[in-house]
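Structure provided below as structure tokens; questions to follow.
The values are calculated or read from the model by the stated rules, or taken from the named source; none is laboratory data. The shown structure was predicted, so the numbers you read here are calculated from the model rather than taken from an experiment. Note that we place each Cβ from the backbone using ideal geometry, even for glycine, and neighbour counts take in every protein chain shown. Ligands, DNA and RNA are excluded from the accessible area calculation, which covers all protein heavy atoms including side chains. Shrake-Rupley method; radii C 1.70, N 1.55, O 1.52, S 1.80 Å.
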Amino acid sequence: MLFYPVRFKGFRLPGLASLANALPRRLQQIPGVMQGGVGWQGIIPSRAAKMGSIAVDKGIAKLGSTSDFYKQLDQERVVEHVLQSIRGEIHDIVERIMQRENPRLWNDLPPRVREAVHERVEQQLPSLVREVMEDLGDNIEQLLDVKLMVIRRMEEQPELCNRVFLEVGKKEFRFIINFGFFFGFAIGIPTAILTVVVFDAWWLLPMCGVLIGYVTNWLALWMIYEPIEPKKLFGVTIHGLFIRRQPEVAGVYAGIIAEEVITVQNMGEELLQGPRSDRTRQMIEEGLKPAVDRSLGVVQPAVRVAMGTKEYDTIRDSIASEGVEHTMTPLTDDDFNREQAVRVRELIHERMLELPSDDFSDMLRSVTKQDEWLLLLHGAVLGFGGGLVHLMIFG
């Protein structure tokens, strides 16, 4: 029920959505209620946007800034990859724009002159792409909001929220299952004596089930996260199960974030499609316009006169505008993303190992802390149901 189903399963109840606003806040937190649905969605995927926001505030933001992550990318390799991707297309781009904006003038130029323009543009490409990437790096904090990027990624793929929790907290969730079995069995023995030998009341067993279910889940959660610092109790060291696994968890978490969240592809998409994309496009276009002038070399003034200043500026703006997409599109390559993820993963892993215990604990627990009452309620309800089933079978 924490993780599945990933998407809401159930039916819409007419009038529930308008009534939901009047319900107690905790009832509003039950998946589907605020949308007027009766059914269920895993608690984690139903809170995808909130999970993403808290994941940044409590975790990713403490591991590095936007600039830190961007600097981890191999800048020369990024430039090289972009050049490999667009070098074969740049001839067609120039040809297409010139045929669209001023076909008559372009076709009237001698073939040798047109070819000279193409060669000049290709010669300018390396320095052009390098300048664009350097400008992005210098202004990345203003152009890219990691928090919004993570939230959007989590909303689009709520199963990613599940993966983070299931892989990072795999051993802790297995502990909850095993602890529930053994602790429930151990407490069931005095409960049996109490309900059969001491009191003969039919309602006692379901009530004990409520208490056992609630306490079992509460104790399991406490043992996972508490105590934050190691403590001695009767000569035995006790320490939160999740916190003591910090070195192991750091590697798992770093891998998921570097391969699925803070990737070159996601950065590129956010730069061109995110809420600040207009700034990115404007910056790249402004950087490309002088490059168009340089590509014409000494003939640039003559070309401007022949075309007319307005016509020339229009063509230059068109090349700059279309160049934005071709500059960023190569960053979506899967193999290239996997290659660059290695350095980002190393940074996250290293920073996670340095986190204080309380910050490390907060990374996972803060995301679900507001919903822990639902986990405890589940235990109580299932315990009550178990008591009723026992009564139905045995009387």
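What nm distance separates the two modelled labels at Met1 and Glu115, each placed 7 Å from Cα along Cα→Cβ?
For the pair Met1/Glu115, the computed spacing is 7.6 nm.
Arrange the peptides 9-18, 244-253 so that the one whose residues have, on average, the most other Cβ atoms within 10 Å appears first.
Working: 9-18: 12.2, 244-253: 16.9.
Highest mean packing first, the order is 244-253, 9-18.
Mean separation of Cα pairs under 8 Å and 6+ residues apart, divided by the residue count of the chain: what relative contact order is that in percent?
Details: 437 pairs, mean separation 100.0, N = 395.
About 25 percent, as a whole number.
Sticking with this one: When the Karplus curve 6.51 cos²θ - 1.76 cosθ + 1.60 is applied with θ = phi - 60°, which whole-Hz ³J(HN,Hα) does each residue of the stretch 128-135 get, with x for Gly and Pro?
After applying 6.51 cos²θ - 1.76 cosθ + 1.60, I find 5, 5, 4, 5, 4, 5, 5, 5 Hz.
A further question follows. Could you order the peptides 263-270, 234-241, 349-356 from most to least packed, using the average number of other C-beta atoms within 10 Å per residue? Walk me through the numbers on the way to the answer.
Working: 263-270: 21.0, 234-241: 12.0, 349-356: 15.5.
Final packing ranking: 263-270, 349-356, 234-241.
Between the alpha-carbon centers of the stretch 85-142 and the stretch 325-363, tell me the distance in whole angstrom.
32 Å
For the stretch 110-264, with only Lys/Arg (+1) and Asp/Glu (-1) charged at the beta-carbon, what is the dipole magnitude about the Cα centre, in debye rounded to 20? Don't jump to the answer; show the numbers that get you there.
Values: 15 positive and 20 negative charges, 137 e Å.
The calculated dipole for the stretch 110-264 is roughly 660 debye.
Something else now. Using only helices, what value at 222 nm comes out for the chain when you add -39,500 (n - 2.57) per DSSP H run of length 4 or more and divide by the total residues, to the nearest 500 deg cm²/dmol?
On the way: 22 runs with 283 residues, N = 395.
Helix contribution divided over all residues of the chain: -22500 deg cm²/dmol.
On the protein heavy atoms, probe 1.4 angstrom, tell me the percent of accessible surface of the stretch 28-167 carried by carbon and sulfur.
Values: 3150 of 6430 Å².
It is 49 percent, rounded to a whole number.
Along the charge dipole of the chain, Cβ charges K/R +1 and D/E -1, which of Pro158, Gly180, Met98 sits furthest on the positive end?
Gly180
Apply the Karplus parameterisation 6.51 cos²θ - 1.76 cosθ + 1.60, with θ equal to phi minus 60°, to every residue of the stretch 375-383 and state each ³J(HN,Hα) to the nearest whole Hz, in sequence, with x for glycine and proline.
For the stretch 375-383, the Karplus curve yields 5, 5, 5, 4, x, 5, 5, 5, x Hz.
Sticking with this structure for a sec: Which of rounded, prolate or oblate describes the stretch 1-59 when judged by the alpha-carbon gyration tensor and an a/c cut-off of 1.5? Let's see the in-between values first.
On the way: a/c = 2.85, a/b = 1.56, b/c = 1.82.
It is oblate, given that a/c is not under 1.5 and a/b is not larger than b/c.
Could I ask something else about it? If the only charges are +1 at each Lys and Arg Cβ and -1 at each Asp and Glu Cβ, what is the size of the charge dipole of the stretch 1-101 around the Cα centre, to the nearest 20 debye? Write out the running numbers ahead of the final one.
Numbers: 14 positive and 9 negative charges, 200 e Å.
That gives a dipole near 960 debye.
Leaving out ligands and nucleic acids, and using a 1.4 Å probe, what accessible area per residue does the stretch 123-164 come to in Å²? Could the numbers behind the result be given before it?
Numbers: 1840 Å² over 42 residues.
Result: 44 Å² of accessible area for each residue.
Going by alpha carbons, how many degrees (0 to 90, nearest 10) lie between the helix axis of 264-273 and the longest principal axis of the chain?
Result, in degrees: 70.
To make sure I understand the rule: partners must be lysines, Cα under 17 Å from the Cα of Lys147, and not fewer than 8 residues away in the same chain. Which ones qualify?
Those lysines meeting the cut-off are Lys50, Lys58, Lys62.
In degrees, nearest 10, range 0 to 90: what is the angle between the Cα axis of helix 357-368 and the longest Cα principal axis of the chain?
For helix 357-368, the angle is close to 90 degrees.
Continuing with the same structure: For the stretch 9-33 and the stretch 216-230, what is the centre-to-centre distance using only Cα atoms, to the nearest Å?
Centre-to-centre (Cα) distance: 32 Å.
On to the next question. Residue by residue through the stretch 2-7, which ³J(HN,Hα) values in whole Hz follow from phi under the Karplus form 6.51 cos²θ - 1.76 cosθ + 1.60 (θ = phi - 60°), with glycine and proline marked x?
Couplings: 5, 10, 9, x, 5, 10 Hz.
How far, in degrees from 0 to 90, does helix 75-86 lean away from the longest principal axis of the Cα atoms of the chain, to the nearest 10?
60 degrees
Just in the stretch 336-395: which chymotrypsin sites (Phe, Trp or Tyr not before Pro) are loop by DSSP and have at most 10 other Cβ atoms within 10 Å?
Working: sites: Phe336, Phe360, Trp373, Phe384, Phe394; in loops: none.
The qualifying sites: there are none.
Using square roots of five times the C-alpha gyration tensor eigenvalues, list the equivalent-ellipsoid semi-axes of the stretch 37-128 in whole Å, biggest first. Can you show the working numbers first?
Working: eigenvalues 480, 92, 19 Å².
For the stretch 37-128, the ellipsoid semi-axes come out as 49, 21, 10 Å.
Can you tell me the order of 142-150, 71-79 when each peptide is scored by its average per-residue count of other Cβ atoms within 10 angstrom, highest first?
Numbers: 142-150: 19.6, 71-79: 16.0.
For the peptides 142-150, 71-79, the packing ranking is 142-150, 71-79.
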